[in-house]
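Read through the structure below, which is laid out as structure tokens, and then see the notes.
The values are calculated or read from the model by the stated rules, or taken from the named source; none is laboratory data. Quick caveat, the model's predicted, so the values are computed rather than measured. Cβ coordinates were reconstructed from backbone atoms using ideal geometry, including for glycine residues, and neighbour counts include every protein chain displayed. Side chains included, ligands, DNA and RNA excluded: accessible areas come from the protein's heavy atoms. Shrake-Rupley method; radii C 1.70, N 1.55, O 1.52, S 1.80 Å.
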Amino acid sequence: MDYDGLYFLRKNIFGIFIVSLVVFMSTYISKVLSAINLQIFSAFLCVFIGLFLGNIFSFQEKIAPFIDFSLKKLLRVGIAFLGLSLSLSELLSYGSTAILLVIINIVIAFLLITFLCKLFKIPSKLGYLITMGTCICGVTAVIATSSIIKSDKNETSYAVGVVTLFGIIAVFAYPYLANHFFHASSDLAGIFLGTAIHDTAQVSAAGVIYSELFNSEEALNSAMTTKLLRNSFLVVLIPLIAFLYNKDENINVKKSVKDFFPFFVLAFIILALFRTIGDYILIDNNIVIYWKEFLALSKQLSVYLILFAMVALGLQTNIKSMFSLGIKPLLIGFVASTSVGVLSVWYLLFFVPMMID
């Protein structure tokens, strides 16, 4: 697909118009409602209006290229720019708190789903796809895994549908759940969102919704840091799955890792390092005012890019098709999602305080 210059603009003008219009409408409606003390924020509206339009009108094919661009390019640029919102010490703090939880979630979800697949006589490949999508990075992990274990299109579509369905539910429900359990700590609320929600776009949507609802920039930063940490586990799990499923076949694991490794994680870390160095160098300098203005603008830019991805997330979600998956895969997806959420709450409420003490 050619993302280059004027050709891209001409080819995607309708998609750009639709997505931009929804972002503008969501922002404007949010401000109007806020003026009369009704707090419905732009992040929530972007996903909701996208879902409504995508499931009522039939223009998805016309705007599909720009939806793809928003979710694969704009979202990653927006997340990378979020790196300027936190220091390297914050980055390391969030990561050190979350890493054991990520590993626990992967192990427990894998064991649970393996058991359920045997119980319901569902192909183990489908179980692997759902596990990877739930515990690592949503649709990207499903696609990466399917290329390794050579699942058929139906299994891959089922797994994508399951991950998307429960991820969308979590986008709307988990910000409130996070505040209920972790209202005293925005950092832990963000880590919960980053570990309990599946796809990168879904985590960014929930993180922005939480930040707007409860006025917490820290929650968005910790959510995205945790999510990017999860994404990086692809580097470990792709070779492992290749070994387990294709021992006797010549699988190009190096190419698979290269194709699916989230390089925007590195950009996120580099920009966090740049922020840390900038804060240190400019602390006693008159330029610090301009530095703070630059950081504020970069944060605003990142949020708007994420809003574009939120609209795209809603537009591409076909609710009708997801509910036609069948009860067994939905049950497995529900168990996987619930187990990850429950484990995340338990770990952050009980285990993290013990570590601090």
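Quick notes on this structure:
- Filter pass, LEU92 being touching a residue at least 40 places away in the same chain (Cβ under 8 Å), under 30 Å from LEU273 (Cα atoms) and in a helix (DSSP H, G or I): no
- Identity of the residue in the stretch 178-210, in contact (Cβ under 8 Å) with a residue 40 or more places away in the chain and open to solvent by 10 Å² or more (accessible area, probe 1.4 Å), that ends up farthest from CYS137 (Cα to Cα): PHE181
- Per-region count, the stretch 48-75, residues at pLDDT 85 or above and either more than 23 Å from MET25 (Cα to Cα) or outside any helix (DSSP H, G or I) (or both): 0
- Scanning the stretch 133-187 for residues that are hydroxyl-bearing (Ser, Thr, Tyr) and part of a loop (DSSP other than H, G, I, E, B) yields SER151, SER185.
- Matching option when the condition is open to solvent by 50 Å² or more (accessible area, probe 1.4 Å), closer than 28 Å to GLU155 by Cα and modelled with pLDDT under 85, among VAL235, VAL253, VAL257: VAL235
- Those residues of the stretch 157-168 which are more than 13 Å from the chain's Cα centre (by Cα) and either open to solvent by 20 Å² or more (accessible area, probe 1.4 Å) or modelled with pLDDT of 90 or more (or both), in sequence order: SER157, TYR158, VAL160
- Residues (over 19 Å from GLY341 (Cα atoms) and aliphatic (A, V, I, L, M)) located in the stretch 143-159: ILE143, ALA144, ILE148, ILE149
- For LEU297, the stated conditions hold: it is out of contact with any Ser or Thr (no Cβ under 8 Å at 6 or more places or on another chain) and at pLDDT 85 or above.
- Condition check for PHE334: more than 23 Å from the chain's Cα centre (by Cα), modelled with pLDDT of 85 or more and open to solvent by 40 Å² or more (accessible area, probe 1.4 Å): no
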